[in-house]
Amino acid sequence: MGIFDKLFGGGKKKVSKETAETRGVHMPDLNIPIDEKFTIHFKKNGGKFLYCDSFSEISQALKNIVDENNWQDHPFFIMDQRLEDKFSKEGIGFTKKANHSEVFFTTCEHLIAQNGSILVCSNQLHEKKLSELPPNVIVFATTSQLVESIGEGLKKIKKKYGHSIPANITTLKHFQANEDNSNDFLTYGSSSKNLYLLFLEDL
């Protein structure tokens, strides 16, 4: 399956037309699988979703993103050494200086199904504000990071890190403006990013 076939694919399940298109934004969520719910809201936020079954598919998707945007000569800003090591053989240049790059490459803590946002903290951002990051963001995440709500995500962070809870906890929610979110007053003053999600099946 090619990269464009997977855009907003939501994995192996298909979102019904009724669920995705006919329910209002403020209507209660239907009892749908968590991955479908995340995909629906993530798409409404303007994100680009790429579902992959294996790391080789992740590699190909990343290459296609680079080719699509002509980023071959643009190093990615990266703050996670483990992520840099994992993708060291993909032919991508990396930099530790945000102002030297148009692309921020990162992991996340959790994916929030309730509103299609991406929960991050100082493990990904260090002390930087979202407005200080490059305008383009590529997030590498796995299906095991899906949670229903921000509250559940915060509980998992607390359980994982104990008394060493990371700082700078925030969510990436507003991506490129589209018909669904361009008039949303909640986007006012936020730092909108052009965001790709490389989503790896690990369950």
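The ranking of 121, 108 from fewest to most other beta carbons within 10 Å of each one's beta carbon is 121, 108. When each of 163, 174 is scored by the number of other beta-carbon atoms lying within 10 Å, the sequence from fewest to most is 163, 174. The order of 101, 144, going from fewest to most other C-beta atoms within 10 Å of their C-beta, is 144, 101.
Where a number appears in this text, it was derived from the coordinates with a stated rule and is not lab data. Note that the coordinates shown come from a computational prediction; the quantities given were computed from them, not determined experimentally. Cβ atoms come from the backbone with ideal geometry, glycine included; neighbour counts cover every protein chain shown.
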